[in-house]
Each structure stands twice: as C-alpha cells, then as structure tokens.
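Quick notes on the structure that follows.
The values are calculated or read from the model by the stated rules, or taken from the named source; none is laboratory data. This structure is a prediction, so every number in the text was calculated from the model and none was measured. No Cβ is skipped: glycine too gets one built from the backbone with ideal geometry, and neighbour counts run over all protein chains shown.
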C-alpha cells in the first residue's frame, strides 16, 4: 500500500514539475482549472464563451455583476482604482493571463531556453510572448506587481499588435509607456496602474495562461472580463451566461418597480420587499407588453422564470 501511495505521489509531483517547466500552461491544465465549463474551447484549452454573450455583458453594471458573483461565493473578483485610456468605453473579452516578476538572472535564462523549445520569438523582450498567442476577442491581462517606472509592459508598437490580433486592449496591474500613442489606436483600450516614459527593465515574464492575482482578484485563463470606468470584474466562464441573464432580469425588475413607484401604484415598501402575487402578475403583464426589445429571448426568460422565484 505504501509503495502504491508513493508511486501515485511521484506521478502527481512529476505532472506539477512538467507544468512548471512550460512557460504557457498546457491545454490539459487549463481544462482542469476550468473544468466547470461545458461548452466549446479554443485549441489552447480556454473556454470559448460565445461572442453574443460578451456583447450582452457590456450592458451589465459592475455592481450587478459583482453582486451575482458574490451571491455565488466569489468574493475576490473585482479590482478598482485604474488609470483608463478611454474611460467612457466598455471592454469585454476572454482572458489571456501573464505573470511578471522582478528579474532573477538564473531563472530568466531558463525561461529563455524554454522559450526556444516552445518556438517563441527570440528577438526583443519576453513581454511580446503573450501577445503572440492572442486571438480575436482576447483581453491581455497581466500582473506586473504594480511596477510603474521601468515596468512598462507595452508602448504603441506592441499596442498596435495587441489590437490587430484581439480587437481589444489590456488590463495591467502595472504600467505602459507612450500613452499618447496608445490613445491614438482606434478601438484599443487599457486599464492600467500607471504610465511612465521608461522602458521595461529588471523584470521578467514567468508564465502565460496560469492563475494570476490582479489586486484584489484571482484570475484564471479563460475568465471573462467586464471592464468599465467603475472598475473591472473577472467572471468564471461557466457563470457568465447565468450572470448576464440574471442581471438583465434584475434590471427589468428595477425598471418596472421604478415606473410603478413614479405612477404611485404601489408603496415603496411593497416594491422594496418580497412581491405579492398581485405585483408579480402585474410585472409579467408589463414584460409581455414591454415597449422596447427585451435583452434576452422569450425562451431564455421563460426558462429563467421557471427556475427562479422573483
């Protein structure tokens, strides 16, 4: 029995060592990290949340998204206090993560050697490696431990490359250089902790598509990000669709409640507590005669109402 336990332990340890040697997490490891996701995936293993859901997510408020996650036990998915290149724009997308650390020459040498084995570019800095794997809809999210001076992960050249590949931008727990040039890239946006004219030095890339910390938040590759001027929320892929429809329904409920209060049809206490059957019936009738286009399909709404008590 002891030999069997030792053998299993050795195999598990070997797996961790293998994963640790790779700069980019394997597809198998990413699938393990995101095992709750049951839909399509990219070749690298990341969940492929549909574009339509990413588009609907843009209309969800930060507070509502945060509230849904918190109710599900996810209390560490928000980070605020950003410098934003275009504050009034909203960005959603699928996360590609990168981890940076202060330079340690012997470890950096190993990273560059491993980069050769993985056919990564040997020209320029390793900070270009996460950019090389981006695809349309990706958001490049990096933890560079809040370093601003000499910690600038990109300038306008790399910014143009990021946007060409992803049609999105970046979220850096760190800094950029040439913010003026980045500002001129139409469609590009960035949530950063600072800007500095210096170039990157005395820091190194240590992993791609591994778990990272972004301020208060724990972020996994394949998470979906909702970034607004009010902050950033990182959403586990398997919760995004439910979060979107729950938030859309809550907004409809609030819109109905506000309208009925303005009309003085109900008292504030009636709307701000558990609804009576009369109010529920009124709400359903209001939805059936909704003057605009509902944010969700009728099928989605019917399914939601069957599964939840509003």
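For segment 98-201, which fully contained helices (runs of 4 or more DSSP H) count at least 3 residues that are over 22 Å from the mean Cα position of the chain (by Cα)? In segment 98-201, 105-117, 179-183 are the helices (runs of 4 or more DSSP H) which contain 3 or more residues that are over 22 Å from the mean Cα position of the chain (by Cα).
A quick yes/no check of all residues on (1) touching a helix residue (DSSP H, G or I) at 6+ places or on another chain (Cβ under 6 Å); (2) touching a residue at least 12 places away in the same chain (Cβ under 8 Å):
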| position | (1), (2) |
| --- | --- |
| 75 | no, no |
| 90 | no, yes |
| 103 | no, yes |
| 131 | yes, yes |
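When residue 123 is tested against the conditions (1) more than 20 Å from residue 24 (Cα to Cα); (2) modelled with pLDDT under 95, the lone failure is (1). Just one of (1) outside the structural domain of residue 126 (by TED's automatic domain parsing); (2) surrounded by 10 or more Cβ atoms within 10 Å (Cβ to Cβ); (3) on the phi < 0 side of the Ramachandran plot; (4) at pLDDT 95 or above fails for residue 56. It is (1). Annotation note: of 200, 171, 212, the sole residue that is in contact (Cβ under 8 Å) with a residue 40 or more places away in the chain, in contact with a helix residue (DSSP H, G or I) (Cβ under 8 Å, 6 or more places away or on another chain) and within 16 Å of residue 143 (Cα to Cα) is 200.
Taken over segment 283-310, residues that are part of a helix (DSSP H, G or I) and either touching a residue at least 24 places away in the same chain (Cβ under 8 Å) or in contact with a strand residue (DSSP E or B) (Cβ under 9 Å, 6 or more places away or on another chain) (or both) amount to 6.
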